[in-house]
Every structure is written in structure tokens, then in C-alpha cells.
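Below: one structure, written as C-alpha cells.
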């Protein structure tokens, strides 16, 4: 008789083996000379798109709209005042809804990167390719620069075909690394982030339609303490921190003030680099190119 758990464990073992084939860690990873650690400040500029996809009530839609009307501008102002270059992961549709904000972020030197056409990836490959092309064209048209990075679950083949060099999606490592598709082809650099460094996990009431038992609005001081601990730990290792924010979440005034204090505190440590994700990706690709043949 076969134990049902044996089948489950076999599936897990196969998944782990597949993961090992798909992931390539960078040996002897190092930052540019004089840099001890890199911190990417990233913002997912969803506004109300995800709220609409989830058919959330009007109050939730208004919360998302705040991100486009107010929150994104506060984040741009904060990053500019602190001389931090951020990466704004932006759905293509946002270029139609809030073009001034996208142009302003780009004009300040922040990276405008892909976050899908309307915050979803169609199952049909042809429709997926169409969505990606439309998003890429909209971002290039609005920002004046073709995007090279994404935060999405688009297929590697589609991303590579459109000229993307990195994805910032997933938590399989704590340092930049390379990922391949299931056939061992179409390599992309991955810049990992984790939900422990994601504002929505701490500040979003009714996040993703969660039930009452899952509601949370955490004190800003507590969140900044957690992120500061993460920064210190990575700094000691010469590591990497990718902080994920949402304009409708972190764009609230009290959270902007807390972020400002956090950035100022980080700046007291020597050798901290605040680049865009594209800057990190180009460093990795030039200094530590992928080691496998992907043809």
C-alpha cells in the first residue's frame, strides 16, 4: 500500500529538483567598489486597477484612487528630497489614468518599469504577448524610455522577446540571482523581495478581500523597526534589500514621515547605495553574467 504522503513528498522532491535547474546563484557576489549594500525602493503603482479586478466596494476603489491622486506625488517628493532613485512598477493602463505622475517620476530620474497591462497576465499566450506589448509601448510612450524590468508573472519567453533584462518577483533568495524557464532557457535576472518588506502586509485593511480575522493596520514605528532590522542584517552581510511600497498605502502622510526617517537613518551607514532596479540589474549582468548557455 502506498502512503498518500509518499506521493506528496515525491511531488515536492520533483519541484525542488526543477527549482534547482531553474535558479542560478551568483558566486562570490559583490557590489561596485565602495558599496557595502544596495537598497531598492520600489513602488507598485496599481492605483485602483487591482481593486477593480477584485470587484471590491467603492470605499476600496477610492483608497486605490488616492494612490494616483496623492500618494504617488508624495513618494516622488520624498525620494527627490532624499536623493534616492526609485523604481516605479507601473501597469500600462496607469499611463492612461495618471500620465502626469508617470512623466513626473521619469523626469526626476526614477525608473518606470512594467507591472503588467492591467495587473493581470492572461492565460492565453497570444493575449499575454499582446498585453505585454501594449504595456511596454505605453510605458515607453509616457516616460520617454523603454522599460527593461518588470514585476510580474509573465512567461520568460515573452519578456525576453520584448527586451526585458530583469524581473522583481519572488522570494527564492535574498540576493540578485538568475532564473530560467522550465526548459532551462530565456534567462532573466531576478531582484527578490519579500512580504515582510512590503507595506501592504502591514497597513492594508481588507487586503485582497481578506476576512475580519486577517485585518491589520500596524503602527508605523513598529513597521520601520522591522525594516530597520532587515537593513542592519543585510548590511552586515554586504547584502540587498528591496522595499516594496504602494502609493495608496505608503503615500499617507504619517507613513511618508516614517519612511523619511528610515532613509535618513540608512544614510548614516557608509557605503549604502540607493539605485534603481535597472542599475542593480546592469551591474549584475556586466560583473556577473549568467553562466549557462540559454540558446
Would you point out the residue of segment 236-253, among those that are part of a helix (DSSP H, G or I) and modelled with pLDDT of 95 or more, that is nearest to residue 46 (Cα to Cα)?
247
Can you tell me which of 131, 194 is within 14 Å of the chain's Cα centre (by Cα) and either under 23 Å from residue 50 (Cβ atoms) or surrounded by 17 or more Cβ atoms within 10 Å (Cβ to Cβ) (or both)?
194
Would you call residue 78 touching a residue at least 60 places away in the same chain (Cβ under 8 Å), in a helix (DSSP H, G or I) and under 19 Å from the mean Cα position of the chain (by Cα)?
yes
Residue by residue through segment 81-94, note down the ones that are over 15 Å from the mean Cα position of the chain (by Cα) and either part of a loop (DSSP other than H, G, I, E, B) or crowded, with 23+ Cβ neighbours inside 10 Å (or both).
82, 83, 84, 92, 93, 94
Within segment 13-33, restricting attention to residues that are in a helix (DSSP H, G or I) and surrounded by 11 or more Cβ atoms within 10 Å (Cβ to Cβ), which residue is modelled with the lowest pLDDT?
18
Quick one: would you say residue 278 is buried (at least 20 other Cβ atoms within 10 Å of the Cβ), in contact (Cβ under 8 Å) with a residue 60 or more places away in the chain and more than 29 Å from residue 217 (Cα to Cα)?
yes
Within the set of pairs 6 or more residues apart or between chains, which connect a residue that is over 16 Å from residue 91 (Cβ atoms) inside segment 47-68 to a residue that is modelled with pLDDT of 80 or more and buried (at least 16 other Cβ atoms within 10 Å of the Cβ) with Cβ atoms less than 6 Å apart?
63/248; 66/248
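What residue, of 286, 264, is in a helix (DSSP H, G or I), surrounded by fewer than 14 Cβ atoms within 10 Å (Cβ to Cβ), more than 20 Å from the chain's Cα centre (by Cα) and in contact (Cβ under 8 Å) with a residue 60 or more places away in the chain?
The unique qualifying residue is 264.
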Can you spot a residue in segment 206-223 that is modelled with pLDDT of 95 or more and over 30 Å from residue 58 (Cα atoms)?
no
When the residues of segment 233-256 are filtered to those that are surrounded by fewer than 13 Cβ atoms within 10 Å (Cβ to Cβ) and out of contact with any helix residue (DSSP H, G or I) (no Cβ under 8 Å at 6 or more places or on another chain), which remaining residue is nearest to residue 193 (Cα to Cα)?
233
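For residue 275, are the conditions met, namely being touching a helix residue (DSSP H, G or I) at 6+ places or on another chain (Cβ under 9 Å) and under 20 Å from residue 174 (Cα atoms)?
yes
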Select from segment 154-171 the residues that are over 9 Å from the mean Cα position of the chain (by Cα), modelled with pLDDT of 95 or more and not in a helix (DSSP H, G or I) and list them in ascending order.
154, 155, 162, 163, 164, 165, 166
Can you name the residue in segment 135-167 that is surrounded by fewer than 22 Cβ atoms within 10 Å (Cβ to Cβ) and touching a residue at least 60 places away in the same chain (Cβ under 8 Å) and is also nearest to residue 91 (Cα to Cα) among such residues?
148
Would you confirm whether any residue within segment 115-128 is touching a residue at least 24 places away in the same chain (Cβ under 8 Å), in contact with a strand residue (DSSP E or B) (Cβ under 6 Å, 6 or more places away or on another chain) and surrounded by 13 or more Cβ atoms within 10 Å (Cβ to Cβ)?
yes
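The values are calculated or read from the model by the stated rules, or taken from the named source; none is laboratory data. Keep in mind that what you see is a predicted model, and the values were worked out from it rather than measured. Quick reminder, even Gly has a Cβ in these numbers, built from the backbone with ideal geometry, and neighbours come from all protein chains shown.
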